[in-house]
Each structure stands twice: as C-alpha cells, then as structure tokens.
Amino acid sequence: MRVLVTGGAGFIGSALVRYLVLQRGYTVLTVDKLTYAGNLESLKSVMGDPNHHFLRADICDLPAMKSALADFRPDRVMHLAAESHVDRSITGAEDFVRTNVMGTFSLLEAVRAHYEGLTQPERERFRFLHVSTDEVYGSLGSTGLFAETTAYDPSSPYSASKAASDHLAKAWARTYGLPVVVSNCSNNYGPYHYPEKLIPLTILNALEGRELPVYGRGENVRDWLFVDDHVKALDIIIERGRIGETYNVGGRNERRNIDVVRSICKVLDSRVPKSQPHETLIRFVADRPGHDARYAIDANKLESELGWRAEETFESGIERTVDWYLGNSWWWQPLRKSYSGERLGIIEDARTDPQ
C-alpha cells in the first residue's frame, strides 16, 4: 500500500506516518511545508526507513502537488496538513484561510487530475481521507453529543476554515466523483505535541516551575483522544469507510480543562515531587474570545460500523504522555527556545478613549 500523507511532520501527522510505516508496513510519502509546528525530529524513527520518503512542499502549490502524485502514485491520500491552533487564528486568520481553505482546494484539484488519469482498477483502490475537527460543530450545552449530522456552527477563524475545507472535500466527491471520506476528531493529546497546546504546555511549564495558565475558570469541557488511538481510526476509516461519509472520532473522555491540568499535576507530583504540589502553580487568566463551552463526540457510527474502539483511558493516556515528555527533552527543549509558552490570541482593543 502506497500512502501520501500531508502534514506528516505535525503532531497527528507524524504519529500517523510512524504507525503506517512501522506497524502497517506501508510505503509512505510525507509531504510537509515545515512551518513552526512541522518537525522532522518527530519522524526520526522512520527517516532512514526504505519505506518512508519525505517531500518539503506547500499544499497550496498546485504544480508541486500534481508532481508529487504523479511521481509517487499513491493508493491513498490522507490529508492532515492544516494550521490548527485556535489562539493563533484569532490574531492571524489569513494563514488559516490560505492553508486550510486554499491549500485543501489546491490538493483536491491535484488529486482530481491524478484520479482522472488512473486505470479502472487503480480508481477502485484509490481513496482520499480529509481529516478535520469537531470544532466545526460549534459549542454544546451541558448535555448532548456531536453526531455526523450535527449542523456546522464554527466559532473561531480556525474552525471556520476547517468547516470550509470539509465542505470542499464533500463537494469534490459529489461533483467530480472523487472517493472522499471525511473524519472529525475530538481533542488529541500524546507524545510529540507542540507545546502551545494545553497539555504539553502544562507539562513543560510545571517542570520548569512556571505558572500554569487556565482560561476563565477552567470550566470548558473537551473530549480527549489519545493520538495513537486516533491514527488507528484514520487507517480504518480510509480502508473500510463508506465513500462520501463522515465519521466522528472521539475518546469518550470528557474532562473540564481545570481537571485536565490537575490530573497532569498529580502525575508530576508522583514522578518529580517538589516542595509544594504542582497544582499551586495554576493561575486563572482572561478567557479566549469565542471560547466554546463544551465538545463531546458521539463515535457510535465509527464503533458500530467499522469496529474501532479507543484503547487508552484518559488516566492511562495522560500518564503515558507525561512520561514521554519526562524522557524526551531532546525533542521539546529546542522548541521552547522558539516558543517559550507566552500567551497567544490576545485581541488588542484598537478603539481610542473618548475622554
């Protein structure tokens, strides 16, 4: 099996590439622009593998995408390349629209041209998986779950750009007959996670004795999905999912943000005890603009149709994650030099004082 993975040097993408090469034995072409969140060190375990190939390219570059497809001739394309950090989208939305919307458009056009040149047996084998987020659905109240039929209601520039890319992928399936499947996942966590996100930021700040910022009162709820469980789901979805369908991927691990931070602190207390519990470092900060209250995924369609189940509980997954960061400072220490944990996504009030 030959698989082209876009965004394969990112957090989820690199986990997928490692899984496909090392556990599935597939031949993989990783395509990544290597922005701040793309890290070749995350692919260290496969970089010398004869089944792995790397191409530094921008998915917005249509000729480059056409060339990659023509040269590699994949059986599958798994599209994960995206700008993904909500806070960065608040103050830099243009990058998100360019990559997530126009980049997806360029890739779909390249794939369409490639697909039209395939033989009938090759067409029957070919699949395109568009990987997206549950944030396209907006915010839930205290009850209910996101289903594949939930109406889109994005709140941030990030989620709006991902919603647009979802619609593009589905439209190219309906209009041009591309064999597209879409997945929408809940919040991922695990090893190799760039330290701007809640869990890795909390771990690294706590290790350095720095404050642990929590937005608002930490009441926002997320459904947490261990990244290795997610990539196994993606492999199953592209292999057995029905063409034109959407599959939600969730870990059934809802937690308030404050409880996530406290859980990390408890694990660190047991691993690297300090004179005071790590929880004393928690500081509540001004909330994020447009911060959705709650996300929760109904993964029943994926579980019942395709037989996938999340293997990690939140408790086991967070221990694995903390232990990985404790044992792999070689990976994250260089990143802390370029991003030291400063607050992102703050909107400056440009209005002048009428007085």
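The table below gives the values:
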item: Sole exception among (1) within 23 Å of Ser161 (Cβ to Cβ); (2) modelled with pLDDT of 95 or more; (3) touching a Ser or Thr at 6+ places or on another chain (Cβ under 7 Å) for Glu83, by number; result: (2)
item: Residue under evaluation Glu94, criteria (1) surrounded by fewer than 22 Cβ atoms within 10 Å (Cβ to Cβ); (2) farther than 18 Å from Leu234 by Cα; (3) of a type outside the set (A, V, I, L, M, F, W, C); (4) under 18 Å from the mean Cα position of the chain (by Cα), criterion not met; result: (4)
item: Among (1) surrounded by fewer than 20 Cβ atoms within 10 Å (Cβ to Cβ); (2) at pLDDT 95 or above; (3) within 20 Å of the chain's Cα centre (by Cα) - the single one Arg252 does not satisfy; result: (2)
item: Out of Val221, Val261, Val267, sole residue that is modelled with pLDDT of 95 or more, in contact with a Phe, Trp or Tyr (Cβ under 8 Å, 6 or more places away or on another chain) and among the β-branched types (Val, Ile, Thr); result: Val221
item: Residue that is of a type in the set (A, V, I, L, M, F, W, C) and in a loop (DSSP other than H, G, I, E, B), where the choices are Ala64, Ala68, Ala81; result: Ala81
item: Some residue of segment 160-172 being buried (at least 23 other Cβ atoms within 10 Å of the Cβ), touching a helix residue (DSSP H, G or I) at 6+ places or on another chain (Cβ under 8 Å) and of a type in the set (Phe, Trp, Tyr); result: no
item: Residues of segment 95-151 classified as small (Gly, Ala, Ser) and under 29 Å from Ala70 (Cα atoms), total; result: 6
item: Of residues in segment 262-308 being β-branched (Val, Ile, Thr) and in contact with a strand residue (DSSP E or B) (Cβ under 6 Å, 6 or more places away or on another chain), the one surrounded by the fewest Cβ atoms within 10 Å (Cβ to Cβ); result: Val285
item: Pairs, first farther than 17 Å from Leu129 by Cα in segment 90-107, second assigned to a helix (DSSP H, G or I), C-beta under 7 Å, six or more apart; result: Ile90/Pro157; Ala93/Pro157; Phe96/Ser89; Phe96/Pro157; Phe96/Tyr158; Phe96/Ser161; Val97/Ser161
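Residues are listed down the side, and each one gets a yes or a no for (1) touching a residue at least 60 places away in the same chain (Cβ under 8 Å); (2) closer than 22 Å to Pro334 by Cβ; (3) in contact with a Ser or Thr (Cβ under 8 Å, 6 or more places away or on another chain):
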| position | (1), (2), (3) |
| --- | --- |
| Glu211 | yes, no, no |
| Arg217 | yes, no, no |
| Arg222 | yes, no, yes |
| Leu225 | yes, no, yes |
| His230 | yes, no, no |
| Glu254 | no, no, no |
| His278 | yes, no, no |
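The values are calculated or read from the model by the stated rules, or taken from the named source; none is laboratory data. Treat the numbers as computed from the prediction; the structure is a model and nothing was measured. Quick reminder, even Gly has a Cβ in these numbers, built from the backbone with ideal geometry, and neighbours come from all protein chains shown.
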